[in-house]
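Report on the structure given below.
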Amino acid sequence: MAVPSFGQSRVYMTKEITPEALVKIYEALGRPAEGKVAVKISTGEPGGHNFLQPSLIKDLVHEVNGTIVECNTAYGGRRSDTADHLKAAEEHGFTAIADVDIMDSEGEIRIPVRDSSHISYDIVGSHLANYGFMINLAHFKGHAMAGFGGVIKNQSIGVASASGKAYIHSAGVTSDVGELWNHVGDQDGFLESMAAAAQAVADYFGDNIIYINVMNNLSVDCDCDSSPDDPKMEDIGIFASTDPVALDQACLDQVFSMKPSEGNDNRPLIERIDSRNGRHTVEYAEKIGLGSRDYELVSID
């Protein structure tokens with residue numbers, strides 16, 4: 001996605017976290033979803049409970065006549081093969097609101113990357129080719145390896161096939177899921193590979209993609225964790241942009257600028273992000289031209 005080198009990117013926000021607010025912020029972006037629309041979410045690892053609820057996203061998915069899309073995981077658990085993944089999606093209520101497509105259920109394809117410092121291509125689910133528009137609908141929260149997960153992670157690790165996930169996590173060393181955990185020592189390489197893979201997906205869709213972060217259930221752990229830590233922070237709101245870098249940066253700023261108080265403590269999440277050098281992901285994403293960390297925050301409330 002080409003981002004202008006001048007001016008600020010616009011990030012919209014609402015403090016309301018409701019189905020109506022989610023549709024409203026989508027409309028505020030002024031980029032209507034057309035054609036066959038993929039709504040990329042995390043279906044959530046069974047046992048976890050912080051993922052975006054079907055009741056929250058249903059109206060938006062129906063508004064765009066979207067298909068919920070995911071890819072299989074590169075670790076164990078109940079989302080590492082298609083049959084179990086679809087069953088998990090059903091248990092979590094997603095199949096009741098829309099069709100769910102596990103995009104690597106029938107294989108994978110490679111799409112080009114602009115930044116080949118670590119990865120030479122991005123390995124994504126083959127069904128990505130079936131969609132002409134993507135709504136990147138992410139749950140912003142912490143993550144055990146990346147420090148945090150927002151739209152950049154949802155678009156890189158989330159759109160990658162199982163072997164593509166291994167390829168990104170290992171910073172281009174291996175796409176063999178069985179070898180993944182032998183090659184996870186290059187932390188900054190992993191973060192930079194996520195940025196490069198996210199850029200590949202952005203380039204693939206061009207202007208036919210938008211980005212939304214929902215800042216609720218702000219655990220230090222990802223929705224891929226079957227036993228996530230309970231959130232220590234209060235919910236913040238919904239944020240959206242056509243620039244994924246600006247959006248993730250704005251959400252990081254919300255976390256880091258907050259003054260902790262009883263029952264609303266941002267320090268565990270900040271420690272999680274900083275201990276993994278998580279902010280490097282958005283810094284590198286800006287460096288390679290995925291977007292701008294300079295933004296204007298616009299409330300729609």
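The values are calculated or read from the model by the stated rules, or taken from the named source; none is laboratory data. These numbers come from a predicted model, not from an experiment. Reconstructed Cβ throughout: ideal geometry from the backbone, glycine too, with neighbour counts over all protein chains shown. The protein model used for the area step is the full one, side chains on, heavy atoms only, and it has no ligands, DNA or RNA in it. Shrake-Rupley method; radii C 1.70, N 1.55, O 1.52, S 1.80 Å.
Here are some notes:
- The combined condition, being assigned to a loop (DSSP other than H, G, I, E, B), under 26 Å from Met145 (Cα atoms), open to solvent by 60 Å² or more (accessible area, probe 1.4 Å) and touching an Asp or Glu at 6+ places or on another chain (Cβ under 6 Å), is fulfilled by Arg78.
- Residues of the stretch 134-150 that are crowded, with 24+ Cβ neighbours inside 10 Å and either assigned to a loop (DSSP other than H, G, I, E, B) or among the polar types (S, T, N, Q) (or both): Asn136, Phe140, Ala146, Gly150.
- Residues of the stretch 273-286 satisfying the condition of being of a type outside the set (S, T, N, Q), surrounded by 14 or more Cβ atoms within 10 Å (Cβ to Cβ) and part of a helix (DSSP H, G or I): Ile273, His280, Val282, Glu283, Tyr284, Ala285, Glu286
- A Cβ distance below 7 Å, combined with a sequence gap of six or more or placement on separate chains, defines the contacts here; from the stretch 269-287, residues that are free of Cβ contacts under 8 Å to residues at least 24 places away in the same chain reach residues that are of a type outside the set (D, E, K, R) and open to solvent by 30 Å² or more (accessible area, probe 1.4 Å) in the pairs Ile270/Phe256.
- Count of residues meeting criterion [in a loop (DSSP other than H, G, I, E, B) and either hydroxyl-bearing (Ser, Thr, Tyr) or farther than 20 Å from Ala162 by Cβ (or both)] in the stretch 48-75: 9
- Lys40 at pLDDT 95 or above, surrounded by fewer than 19 Cβ atoms within 10 Å (Cβ to Cβ) and of a type in the set (Lys, Arg): no
- Every test in (1) farther than 25 Å from Glu63 by Cα; (2) part of a helix (DSSP H, G or I); (3) of a type in the set (S, T, N, Q) is passed by Gln155 save one, and that test is (1).
- Long-range neighbours under 8 Å by Cβ, at least six apart or interchain, first residue exposed (fewer than 12 other Cβ atoms within 10 Å of the Cβ) within the stretch 175-186, second not aromatic (Phe, Trp, Tyr): Asn182/Thr174
- Filtering the stretch 79-124 to residues that are within 18 Å of Cys224 (Cα to Cα), touching a helix residue (DSSP H, G or I) at 6+ places or on another chain (Cβ under 8 Å) and of a type outside the set (A, V, I, L, M) leaves Arg79, Ser80, His92, Gly93, Phe94, Asp101, Asp104.
- In the stretch 81-97, the residues that are part of a loop (DSSP other than H, G, I, E, B) and either modelled with pLDDT under 95 or at positive phi (or both): Asp81, Gly93
- Every residue from the stretch 221-239 that is over 16 Å from Asp253 (Cα atoms) and not acidic (Asp, Glu): Cys222, Cys224, Ser226, Ser227, Pro228, Pro231, Lys232
- Of the set (1) open to solvent by 50 Å² or more (accessible area, probe 1.4 Å); (2) in contact with an Asp or Glu (Cβ under 9 Å, 6 or more places away or on another chain), all apply to Gln199 but (1).
- In the stretch 227-272, residue least open to solvent (accessible area, probe 1.4 Å) [restricted to those that are within 17 Å of Glu16 (Cα to Cα) and part of a loop (DSSP other than H, G, I, E, B)]: Met233
- Condition met for Gly189 (open to solvent by less than 50 Å² (accessible area, probe 1.4 Å) and either more than 14 Å from the chain's Cα centre (by Cα) or farther than 19 Å from Gly149 by Cβ (or both)): yes
- Options Gly172, Gly164: the member that is part of a loop (DSSP other than H, G, I, E, B) and out of contact with any Leu (no Cβ under 9 Å at 6 or more places or on another chain): Gly172
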